[in-house]
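The values are calculated or read from the model by the stated rules, or taken from the named source; none is laboratory data. Just so we're clear, the structure is a prediction, and the values are computed from it rather than from any experiment. Methodologically, a virtual Cβ is constructed for each residue, glycine included, from the backbone with ideal geometry; neighbour enumeration extends over all protein chains shown.
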Amino acid sequence: MTATNLALQSGTKPRTSGNPALFWGALIVGLLSMEIGLCAWGIYCATSGSQVVVEADYYNKALHWDDHLALMQASKELGWSTSLQIPDVGGARGVVPVSFQIHDSGGEAIENAVVSIGYFHHAHPLDLRSATLKETGPGEYAADMSLNKRGIWEFRISATRGADHFVQIVQRDIEQ
């Protein structure tokens, strides 16, 4: 005889593991609650703190994207080039002397230009910094810049000499 038959003969009910409807209902409610909790946590993480990464003035830049592309194309046709020098400061962080060399398509130094730069760390694009560079030699422009974080920095160079306007974006990994 089986245990169920013995229990029936003795007048007791066979033992069950509980109400299946209650188990499956609790499982569904539990999974849905977990999903809602995870979504709420994700929304909190995405919107809190200073880690929200958005390009500064992105809407205005999007509206004038064609103008930006035209300026980049005109700069390319102008043929100027830049090189960026950031000295190795041996682990010290803070204000660093940064220099740029600007040359025309023939390799001649671009002198007497007005050079400005906007720069930011990729993890913090809303912390846009700017500097006006001073000419320190033929085609060489320099300024002290606050580069206080390791990682990728973006430098947006703008140089104007007479009617010529040149823009270039340079990215550099700073290992300070």
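Side notes on the structure shown:
- Boolean, Ala70 is assigned by TED's automatic domain parsing to the domain that holds Ser158, out of contact with any helix residue (DSSP H, G or I) (no Cβ under 7 Å at 6 or more places or on another chain) and either among the small types (Gly, Ala, Ser) or over 17 Å from Ile169 (Cβ atoms) (or both): yes
- Taking the stretch 1-109 as the region of interest, the helices (runs of 4 or more DSSP H) fully inside it that hold 2 or more residues being modelled with pLDDT of 75 or more and farther than 30 Å from Pro138 by Cβ are 20-47, 58-63, 65-78.
- Selection within the stretch 110-134: residues that are part of a strand (DSSP E or B) and of a type in the set (D, E, K, R). The member of this set that is modelled with the lowest pLDDT is Arg129.
- When restricted to residues that are under 19 Å from the mean Cα position of the chain (by Cα) and either under 22 Å from Leu71 (Cβ atoms) or surrounded by 13 or more Cβ atoms within 10 Å (Cβ to Cβ) (or both), the stretch 125-147 contains 7.
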